[in-house]
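Have a look at the structure below, then the notes.
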Amino acid sequence: GVYAMVGAVAVLGGVCRTPISLVVIMFALTSALQLIVPFMLAVLTAKAVGDAFGDGIYDAYILLRGYPHLKAPKDVCFKARACDVMDDDLE
């Protein structure tokens, strides 16, 4: 039982790369508070190994289907106001 659950969460963590939601889902399924730490360790290890090899399955699916993919902007500025970036000439 326990090894199978930790192995399942590790596989899903390596494939899907959604660590927090996986731990919460597995905790909801098992209601075993003592298994949260093994779940966390397995998911974080699998995610780290998966990130070293490439993108997750959801990112690959987005690229395969040609859906628009929103990337995080690299030049984030928290000092700009809305009126500074708005267009004044509206028709």
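I need the helices (runs of 4 or more DSSP H) fully contained in segment 13-91, keeping only those with at least 1 residues that are surrounded by 10 or more Cβ atoms within 10 Å (Cβ to Cβ).
Because the criterion is at least 1 residues that are surrounded by 10 or more Cβ atoms within 10 Å (Cβ to Cβ), the helices (runs of 4 or more DSSP H) in segment 13-91 that meet it are 19-30, 36-53, 57-65.
Would you pick out the residues in segment 19-29 that are within 28 Å of Ile62 (Cα to Cα) and touching a residue at least 12 places away in the same chain (Cβ under 8 Å)?
If the condition is that a residue be within 28 Å of Ile62 (Cα to Cα) and touching a residue at least 12 places away in the same chain (Cβ under 8 Å), then Pro19, Leu22, Val23, Met26 are the ones that fit.
Each value in this text was obtained by applying a stated rule to the coordinates, not by laboratory testing. Treat the numbers as computed from the prediction; the structure is a model and nothing was measured. When we count neighbours, we look across all protein chains shown, and the Cβ atoms used for this are built from the backbone with ideal geometry, even at glycine.
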